[in-house]
Amino acid sequence: DSAGRSSEVVRVVTERDRSPGTSTARGKDGKLTWRFRAENVRDVAWGTSSRYLWDAVRAEAGDNDQDGSPDSAMVGAFYRPEQRGSHWDESARYGRHSVEFLSRYLWPYPYPHMTAVDGPTSCGGMEYPMMTCIGGVWDTLGMYEVTNHEIGHMWFPMIVGSDEKRFAWMDEGLTQFNQSQAMADFFKGFDDEARNREGYLNLAQSGGEVELMRHGDRYPNYGSYGVASYYKPATVLVALRGVLGEETFNKAFKEYGRRWQYKHPSPYDLFNTFEDVSGRDLSWFWRTWFFETWKLDQAIDTVTSAGDSLEVVVTNQGRAPMPVHLLVTRSDGRADTLTVPATVWLDGSKRTTIRVARGSGVKSIEIDAGRDFPDLDRGNQVWPR
Ligand SMILES: [Zn+2]
């Protein structure tokens, strides 16, 4: 109990404490009975070993019950001593950051415990309510990543109860996206979003990509399942954030969670919440990225002088209609971004002309300098080339 209130990781059970009567109570006739009880959970899991060590620490979860004072959860790690080689002795610290970060980024963690359990390699990383089984060999980056990812599943699908088989992206994709936000915070600017984007672009370029709105059992191979369930939806959320702006995106993302916690949303409930909160018709976005495997390849075709302006012709060499974010950098160092809405492509146009005031001289023009959108070929997005 005191470990669950400690702001420093407590080594509750060490190698010296593992015997009856020290780390566990002595039962009658050598037997002990444990009874477990949990609220608002949709599954149960259990793990045990006579060799486990136990670390624990408090995580601040925010004011979950809205009584004006902060709530906390006890984060624990159970692992065999040799698993220190895979940084299990950091697991409780990683778990605390994960619970605290996601409680701020999404909404307060509602459960009293979160426990990471060292398990067989076949566990990989597997989520259960308030518990994750993690197996295999990890470096610190991978150990934080898998710990955060599985803890992220407490929000999706443990709280927001989507159908993991029918629409795997609804929990895996959202969790993969949230993991990137947490890793950027924990590893100070680490770009996990770029890793997701690369995973998607590699398959998109080589062919064999399958649309997201497909049953989890009906992918031709694990590669296409993995991209459609993890990397592409995570990348698509980054793109949606780029379309809506961070503030509106965050508001809609949290609102989706608020509306659907402890319920069973379908993809249309997510689509509807984003349209409702942003006040925009995003049907072109959903169709492109969830129902089709259309690709994005915006390019600067020509830049010509026209009086006191430059005429920039932007082409879309893929089928995905997306806004054009044009970063214009001036000779004096000033830079501003022009946005052309996605609607310019919806009549089937493959090119659009953007007028840029010449002003003090234009040094360079770049499409999507912020890398919000998963464009197949970035080489044709910069002028001059
Ligand atoms: Zn997952």
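With the Kirkwood sum run over all distinct C-alpha pairs, region 60-215 has a hydrodynamic radius of 16.3 Å. Phi angles across region 23-35 convert, under the Karplus curve 6.51 cos²θ - 1.76 cosθ + 1.60 with θ = phi - 60°, into 3J(HN,Hα) values of 8, 10, 6, 8, x, 6, 6, x, 10, 10, 10, 10, 10 Hz, Gly and Pro given as x.
Multiplying the residue separation of LYS28 and GLU246 by 0.36 nm and subtracting their alpha-carbon distance yields 72.6 nm. Under 5 Å from the amide H of PHE373 lies no amide H of any residue 5 or more positions distant or on a separate chain, with H modelled from the backbone and absent for Pro and chain starts. Between PRO129, GLY30, GLY142, the Cα set farthest toward the positive side of the dipole of the chain (charges on each charged residue's Cβ, about the Cα centre) is that of GLY30.
3J(HN,Hα) along region 292-303, derived from phi through the Karplus expression 6.51 cos²θ - 1.76 cosθ + 1.60 where θ = phi - 60°, amounts to 10, 10, 4, 10, 10, 8, 7, 9, 7, 7, 9, 10 Hz, with x in place of Gly and Pro.
Overall, the accessible surface of region 223-306 at a probe of 1.4 angstrom is composed of carbon and sulfur to the extent of 45 percent.
Region 281-301 and region 320-385 have Cα centres spaced 17 Å apart.
Rolling a 1.4 Å probe across all protein chains gives PHE101 an accessible area of roughly 20 Å². Taking every DSSP helix (H) stretch of at least 4 residues in the chain, weighting each as -39,500 (n - 2.57) and dividing the sum by the residue count yields a mean residue ellipticity at 222 nm of -9000 deg cm²/dmol.
Rolling a 1.4 Å probe across the protein heavy atoms gives the chain an accessible surface of 47 Å² per residue. Near GLN317, the amide H atoms lying under 5 Å from its own belong to ASP297, GLN298, ALA299; only residues 5 or more places off or on other chains count, and H is placed 1.01 Å from N. Backbone geometry of region 89-98 corresponds, through the Karplus equation with coefficients 6.51, -1.76 and 1.60 at θ = phi - 60°, to 3J(HN,Hα) couplings of 6, 9, 4, 5, 5, 5, x, 4, 4, 4 Hz, x marking Gly and Pro. Spatially, region 1-36 and region 158-214 are offset by 38 Å when compared through their Cα centroids. For the pair ASN221 and TYR105, the difference between a 0.36 nm per residue extended length and the Cα-Cα distance amounts to 38.4 nm. Only the Cβ atoms of Lys and Arg (+1) and of Asp and Glu (-1) were treated as charged; on that basis the dipole of region 298-383 about its Cα centre amounts to roughly 60 debye. Each residue, GLU292 and SER349, gets one label point 7 Å from its Cα in the Cβ direction; the gap between the two is 1.7 nm.
Angle check, please: helix 267-278 long axis (alpha carbons) against the longest principal axis of the chain (alpha carbons), in degrees 0 to 90, nearest 10. So the helix axis and the longest Cα principal axis differ by about 60 degrees.
The charge dipole of region 188-291, taken about its Cα centre with unit charges on the Cβ of Lys, Arg, Asp and Glu (plus for the first two, minus for the last two), comes to roughly 200 debye.
For the chain, what does the alpha-carbon gyration tensor say about shape, rounded, prolate or oblate, given a ≥ b ≥ c as the root eigenvalues, a/c under 1.5 as rounded, and a/b over b/c as prolate? In terms of gyration-tensor shape, prolate.
Give the calculated FRET efficiency between ARG330 and GLN261 to the nearest 0.05, with a Förster radius of 45 Å applied to their Cβ-Cβ distance. Rounded to the nearest 0.05, the efficiency is 0.40.
Annotation: amide H-H contacts under 5 Å for ALA61 (H modelled 1.01 Å from N, sequence separation of 5 or more, or interchain): ASP71, SER72, ALA73.
Compared with the dominant principal axis of the Cα atoms in the chain, helix 140-152 is inclined by about 90°.
Taking the chain as the region of interest, the number of lysine pairs whose Cα atoms are within less than 30 Å, with members eight or more places apart or on different chains, is 20.
The values are calculated or read from the model by the stated rules, or taken from the named source; none is laboratory data. What you see is a predicted model; the values in this text were computed from it and never measured. Reconstructed Cβ throughout: ideal geometry from the backbone, glycine too, with neighbour counts over all protein chains shown. Note: accessible area is taken over every heavy atom of the protein model, side chains too, but ligands, DNA and RNA are not part of it. Shrake-Rupley method; radii C 1.70, N 1.55, O 1.52, S 1.80 Å.
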